[in-house]
Amino acid sequence: MPEPWWRAGPQEVHRLEDRVSSLYVERCHIDRDDNAIVLVNKARVVHVPAAWLAVLLIGPGSRITHGAVTLLADSGTSLCWVGEHGVRLYASGHGIARGSQLQLRQAWLVTRPKERVAVARRMYDMRFPGEDTSDLTLQQLRGREGTRVRRLYAQHSERTGVPWTKRDYKPGDAFAAGDDVNRLLSAANSALYGICHAVITGIGASPALGFVHTGSALSFVLDIADLYKAEFTIPLAFDLAAKGLTSERDARTALRDAIVQDKLLSRVVADIKNLLVPEGTTLLEEDLGALWDDKEGVVSGGRNWGSDFFSPESHLDVIPDDPNRDTAP
């Protein structure tokens with residue numbers, strides 16, 4: 001039995017970017033057999049190695065045992081409970097991250113206007129490779145992004161012969177609105193949000209602390225997913241509509257295959273870290289289990305400080321603080 005993820009070394013838990021992106025299950029019983037999870041329904045029994053799975057999406061009609069949850073947690077696999085079409089996320093569990101340093105760094109960036117604008121600008125720059133956007137304001141970048149997306153819709157409509165009028169989306173029921181290509185777009189985008197959410201929580205970032213989007217528990221998920229829609233979900237939706245494949249399942253499985261083929265998981269991991277952590281910055285991945293101190297910065301946890309309260313040596317057991325902690329995590 002491998003060590004639990006919070007005690008295992010990095011080499012003992014498969015890296016997130018090396019795993020199968022996702023597995024969606026519904027109306028089945030999920031159990032454990034040694035180091036594999038077992039999916040059981042009336043038709044068949046399937047064994048899946050837990051450590052090779054980035055996220056397990058659990059749909060309606062499913063039940064899961066305590067043993068299966070324990071195995072997935074020990075393997076660093078994210079658990080997400082989703083709606084029938086996979087388009088809503090109700091709850092999620094632990095990912096593979098061991099520490100809080102990346103989340104602290106993200107919070108520091110998002111709460112300082114200058115740094116937040118810089119990250120948001122880099123996100124827009126990633127959508128306009130080879131273009132000089134240094135003189136554009138955020139408002140101008142938003143306008144250019146809107147024009148780019150409308151142009152993409154028109155180009156793919158002409159390429160595939162699928163009619164396009166406008167984007168039609170119904171919040172709260174994404175697969176219910178619009179024509180076939182609109183519903184496919186909504187389904188594929190929702191699946192992409194789930195994958196990005198799993199990666200974000202898996203590497204220890206916060207889904208809520210967005211730079212372009214704000215006010216949602218998934219603001220950073222929306223930020224990251226927007227980087228890949230032009231390459232993945234928009235052409236995929238038009239291609240499927242042209243072939244007459246218009247179900248939500250068609251969109252989800254096609255996106256899953258594209259993610260695996262183009263190794264999107266590794267790109268998402270790298271892009272998030274490049275956005276949040278500039279080159280040359282090192283963040284600790286392990287859980288320090290420390291205590292915050294307003295004078296010393298960080299002191300050791302797991303000890304009783306009561307006996308040293310009045311002692312002149314009370315601060316001898318101090319963890320060296322990052323000299324840049326006052327300016328950046």
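Against the numbered list (1) at pLDDT below 90; (2) within 22 Å of R249 (Cα to Cα); (3) in contact with a Ser or Thr (Cβ under 9 Å, 6 or more places away or on another chain), I30 comes up short only at (1). In summary, W81 fulfils each of the numbered conditions (1) assigned to a loop (DSSP other than H, G, I, E, B); (2) at pLDDT 80 or above; (3) over 22 Å from V212 (Cα atoms); (4) open to solvent by 50 Å² or more (accessible area, probe 1.4 Å) with the single exception of condition (1). Right, A188: closer than 30 Å to P163 by Cβ, surrounded by fewer than 19 Cβ atoms within 10 Å (Cβ to Cβ) and in contact (Cβ under 8 Å) with a residue 12 or more places away in the chain or not? It is false that A188 is closer than 30 Å to P163 by Cβ, surrounded by fewer than 19 Cβ atoms within 10 Å (Cβ to Cβ) and in contact (Cβ under 8 Å) with a residue 12 or more places away in the chain.
Residues in region 120-153 that are open to solvent by 50 Å² or more (accessible area, probe 1.4 Å) and charged (D, E, K, R): R121, R122, D125, E131, D132, D135, R142, R144, R150, R151.
Pull up region 195-219, narrow it to residues that are among the aliphatic types (A, V, I, L, M) and in a helix (DSSP H, G or I), then point me to the one that is nearest to I259 (Cα to Cα).
I195
For region 248-261, taking the residues that are touching a residue at least 24 places away in the same chain (Cβ under 8 Å) and farther than 13 Å from I195 by Cα, the one that is surrounded by the most Cβ atoms within 10 Å (Cβ to Cβ) is identified as A251.
Considering only residues in region 196-210 that are open to solvent by less than 10 Å² (accessible area, probe 1.4 Å) and either modelled with pLDDT of 90 or more or β-branched (V, I, T) (or both), the one that is nearest to M123 (Cα to Cα) turns out to be G210.
Mind checking which residues of region 98-131 are aliphatic (A, V, I, L, M) and either touching a Phe, Trp or Tyr at 6+ places or on another chain (Cβ under 7 Å) or within 21 Å of A217 (Cα to Cα) (or both)?
L102, L104, A107, L109, V110, V117, V119, A120, M123
Looking at region 270-282, can you tell me whether even one residue there is at pLDDT 60 or above and touching a strand residue (DSSP E or B) at 6+ places or on another chain (Cβ under 6 Å)? No, because not a single residue in region 270-282 is at pLDDT 60 or above and touching a strand residue (DSSP E or B) at 6+ places or on another chain (Cβ under 6 Å). Within the option set A68, A73, A54, being modelled with pLDDT under 90, surrounded by 18 or more Cβ atoms within 10 Å (Cβ to Cβ) and farther than 23 Å from S190 by Cα holds for one residue only, A73.
Of all positions in region 220-241, at least one carries a residue that is modelled with pLDDT of 90 or more, more than 26 Å from R121 (Cβ to Cβ) and open to solvent by 40 Å² or more (accessible area, probe 1.4 Å).
The values are calculated or read from the model by the stated rules, or taken from the named source; none is laboratory data. None of the values given here were measured: they were computed from a predicted structure. FYI the Cβ positions are ideal-geometry reconstructions off the backbone, even for glycines, and counts take in every protein chain you see. Heavy atoms of the whole protein, side chains included, go into the accessibility calculation; ligands, DNA and RNA do not. Shrake-Rupley method; radii C 1.70, N 1.55, O 1.52, S 1.80 Å.
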